[in-house]
Each structure stands twice: as C-alpha cells, then as structure tokens.
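Written below as structure tokens is the structure these notes are about.
The values are calculated or read from the model by the stated rules, or taken from the named source; none is laboratory data. All of these numbers come straight from a predicted model, not from anything done at the bench. Using ideal geometry, Cβ is built from the backbone for each residue, glycine included, and neighbour counts are taken over all protein chains shown. Just the protein is used for accessible areas: all its heavy atoms, side chains included, with ligands, DNA and RNA removed. Shrake-Rupley method; radii C 1.70, N 1.55, O 1.52, S 1.80 Å.
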Amino acid sequence: MSNSLVLVLNAGSSSLKFALMDAQTGAAMLSGLGECFGLEDARISWKRDGQDKQELMFEQGGNHHEKAVELIVELVESMNVNDQLVAIGHRVVHGGEKFAQATLLNDSVVNDIDALSDLAPLHNPANVMGIRAAMKAFPALPQVAVFDTAFHQTMPQKAFTGAICNELYKEYGIRRYGFHGTSHYYVSREAAKMVNKPIEETSFISVHLGNGASVSAIRNGESVDTSMGFTPLAGLMMGTRSGDLDPGIIEFLMKKGWTHEQVFDTLNKKSGFLGVSGLTSDARGILEAMESGHEGAKLAFEVFTYRVAKFIGSYMIPLDSLDAVIFTGGIGENSLPIRREILKNLKLLGFVEDVAGNEAARFGNAGVIGASEMLGAQVLVIPTNEEFVIASQSAEFAK
Ligand code: ADP
C-alpha cells in the first residue's frame, strides 16, 4: 500500500478535472471530470479503479466548483485512504515571472495567483476558485500550485522579449511566457530515458498537439524557447485558436466595425481547425471528413501540418544538436496521418518516417516513429502525463 497519495485538481473556467494518484508510480485510484459548470447540464463523472464510470448531474445555482470539490471529498473519504493522502496539487495556468517552480500555497500565494488574473483572465480565476474550495475542504494538508508557465522561465531574454516597445514589458509585463510547461517537462524527461542520456546532456524539440498546441526547444533539460506567448493564442494553429497571425488583421477588422470581443472570440474560439475547415475543431473529425473528400478539412489538415513543420524547423535555431523531436498531446499521441505529413514536410532536414513504428505508437503506446540520420535525431511519441508531474512535485512538500 502506498503512503503518498496526492489529489490533483485542474480547475478550468467551467470544468474541474481531478485524479487521486500515487505520487511514486502515477497510478490513479480515482479520476474524473466535472464540466459545463454554471450551465443547465453541469455534471461530474468519475471512475474508481476497477469500477464502471459514474455520473451525477448538478442542480442549478450555487458554486459548481465548490460542489464538485465537496463531492470529491466524499469520494476520497469513501475510499478510506485519508491517512495516505499527503498533499493536494493544483494545476495553475499562469505564474507570471513570480513563480518559476511548484509553490506551497498559503493566503498570500493565492492572492498573488489571483493578481496574475490580468494575464490569464479565463484561467487563473478558475484556478483560484478550485484552490479556495480545496483549502476549505482539506485544511490540514499542504496545497501546492504547479504552474503551466514555470518550466519556460528559463528562456533567455532574447527568446521571451517581444519586438515591441520595451515600456510595454515594464508597464504591463508583456513578454513571452509560454504554457504546457508541465507536459514539455514530463516528455523531455521520458525522452532522455528513451535516448539513454542524462537529461542535462540532451537537446529536444517537444511538440504538444492537443486542442491547444505548442512547441518547445529544450536544451539540457531547460526550456529555451516555446511557441505560446503572452497568451496561449500564439504559435501553432490549434483546435479553435488561430495561432500566430498578422496583428494588422486585428486593426483591419476593428475598422470594419468588429468589437474587440468579436475579434478575440473569433481568434480564440472560431479559428484553427474549426475556422479553416468550417466543420469541426476535432482532429479526428477533420481526418474522417478528409477521407470522404471534404475540401475544408483537407485544407485544415494541410495548413496545420505545414505550420507544425515550420515551427519544428525554426526551433532548431536555439539548439546545438538534436537528440529527438517528441510528439505528445491527443493528436501527437494518436494521429498517425498528421505525424506522417509533418515528417514529410521536414524532408530537407533528413526526417524519414518509420512506418511500422508510426503505426504502433498510438493509444498510450510510446515509440520511435522516425529519424533523421543527417541530424542524428530520433522522432518519438510519448504520451504526456501532466497529473503525474503535479502529483510528484506536490508530494515533495509533504516530506
Ligand atoms: P486537450 O488539449 O484539451 O487536453 P487533448 O490533448 O486530449 O486535448 O487532444 C485532443 C485532440 O486529440 C482532438 O483534436 C482529438 O481529435 C485528438 N485525438 C484524440 N485521439 C485521436 C486519434 N485517435 N486520432 C486523431 N486525433 C485524435
């Protein structure tokens, strides 16, 4: 029996993902998802080890984050593991420049996270709500914040500085922060094991492709550049986000009478796969529609894969050598045709697909899916596990 269980909470604006996890092995005894908070069909579902999935609809009104945490407390209590629970780990999206590592939460740190809401208005207030609910429910346990931005705080100034008036950085903190740090951290550590080198001697390009997507150049285990920026809107094309675009388009649309809400709603929620295909934000849906000859889906596939390849190419710049390109995230872990097309786009850099490897590395299986002899680099698929990182970093505070 384990002595170090951590409850991992990941609160979004209308959702709460959770897992009760062994901080040493990563085995989850309980995991679940609350979603549609604040809406008519607010609900929570969970699965206990070895049991069927269960679901509960929430009544309207009240604070669904708090209700979800109350239910999680009941679930944990019913499992009789309270004596093994050593910490609560919270995923927090934005830690600004203040938080470069996992941090023990107290009222003052929670206030600091709240104050960073300016930089992440959709995410940090939800994270704070989750933290406050959990502090109320588990007052005796250490509560730890693990930040999405923290891993990227090692970026050199030339990588995080925008080519804009420096006053904007001084006045408002406008710079590249980067996100998905926990995922890039995890897969780079796993990749070091796969290439059989100490992490301090490795060079990787980590490519996280999920609904959100980002690339990170990681040298000697540290992030030296990443494609998300001041907000998660920057960089790659995503499920519904545009990624990088000409800022002149914003002015053009506003001159046409669009409000700034309309512009940013379009760039955040109606662009990417959804916008280009006119069909869906979901990569699986894009691939299926493409099979049946949908032109928009085909274009979305081409734009997406072309852009990912361009980013991979440009992320060689901060590195002196390359041990591996790592694919992760829902698309990176599963989508064989998307990985294949990205590698085709990288042919000038010598990348060649290992067809059998690409076919085998899916649905939770890691593997080698290609290589560039010219660069001495492998192409790896590694399923990410952000919860495990949060659990193990949080457990450190329990010692
Ligand atoms: P999030 O960023 O919300 O955590 P995920 O990492 O789960 O998202 O990634 C979701 C994306 O992964 C969706 O576009 C989904 O279609 C895609 N995906 C999941 N499984 C497959 C698959 N078998 N083939 C292609 N794409 C997949």
List the pairs whose first member sits in region 367-385 and is over 30 Å from residue 21 (Cα atoms) and touching a residue at least 60 places away in the same chain (Cβ under 8 Å), whose second member is among the β-branched types (Val, Ile, Thr) and away from the ligand (no atom under 16 Å from the Cβ), and whose Cβ atoms are under 9 Å apart, counting only residues at least 6 apart or on separate chains?
378/195; 378/325; 378/368
Identify, please: which residue in region 372-399 is touching a helix residue (DSSP H, G or I) at 6+ places or on another chain (Cβ under 9 Å) and away from the ligand (no atom under 16 Å from the Cβ) and is, among those, most open to solvent (accessible area, probe 1.4 Å)?
374
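Here is a yes/no grid of residues against (1) buried (at least 20 other Cβ atoms within 10 Å of the Cβ); (2) among the charged types (D, E, K, R):
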| position | (1), (2) |
| --- | --- |
| 25 | no, no |
| 41 | no, yes |
| 49 | no, yes |
| 106 | no, no |
| 116 | yes, no |
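Do you know which residues across region 319-334 are touching a residue at least 60 places away in the same chain (Cβ under 8 Å) and open to solvent by less than 40 Å² (accessible area, probe 1.4 Å)?
Taking region 319-334 and keeping what is touching a residue at least 60 places away in the same chain (Cβ under 8 Å), we get 319-332.
Residues satisfying the conditions are 319, 322, 323, 324, 325, 326, 327, 328, 329, 331, 332.
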Output for region 338-371, where each listed residue is open to solvent by 60 Å² or more (accessible area, probe 1.4 Å) and either within 16 Å of the ligand (Cβ to nearest atom) or over 22 Å from residue 321 (Cα atoms) (or both)
340, 355, 356, 359, 360, 362, 363, 365
For helices (runs of 4 or more DSSP H) lying entirely in region 247-337, having 2 or more residues that are more than 16 Å from the ligand (Cβ to nearest atom) picks out 248-255, 260-269, 295-314
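Within region 157-236, considering only strands (runs of 3 or more DSSP E) that don't extend past its boundaries, which have at least 1 residues that are touching a Phe, Trp or Tyr at 6+ places or on another chain (Cβ under 7 Å) and within 20 Å of residue 96 (Cβ to Cβ)?
Where strands (runs of 3 or more DSSP E) fall fully within region 157-236 and carry at least 1 residues being touching a Phe, Trp or Tyr at 6+ places or on another chain (Cβ under 7 Å) and within 20 Å of residue 96 (Cβ to Cβ), they are 213-219, 222-226.
For residues that are part of a loop (DSSP other than H, G, I, E, B) and either among the polar types (S, T, N, Q) or in contact with a Leu (Cβ under 8 Å, 6 or more places away or on another chain) (or both), tally how many sit in region 62-87.
4
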Find the residue count for region 172-205, including only residues that are within 21 Å of residue 233 (Cα to Cα) and either open to solvent by less than 10 Å² (accessible area, probe 1.4 Å) or not hydrophobic (A, V, I, L, M, F, W, C) (or both).
14
Out of the residues in region 214-258 that are under 16 Å from residue 148 (Cα atoms) and among the charged types (D, E, K, R), which is least open to solvent (accessible area, probe 1.4 Å)?
225
Identify the single condition in (1) part of a helix (DSSP H, G or I); (2) open to solvent by 50 Å² or more (accessible area, probe 1.4 Å); (3) touching a helix residue (DSSP H, G or I) at 6+ places or on another chain (Cβ under 9 Å); (4) not polar (S, T, N, Q) that residue 59 does not satisfy, given that it satisfies every other one.
(1)
Can you list residue pairs whose Cβ atoms sit under 8 Å apart, with the first residue in region 161-180 being closer than 21 Å to residue 151 by Cα and the second being hydroxyl-bearing (Ser, Thr, Tyr) and in a helix (DSSP H, G or I)? Count only pairs 6 or more apart in sequence or on different chains.
161/169; 162/169; 175/169
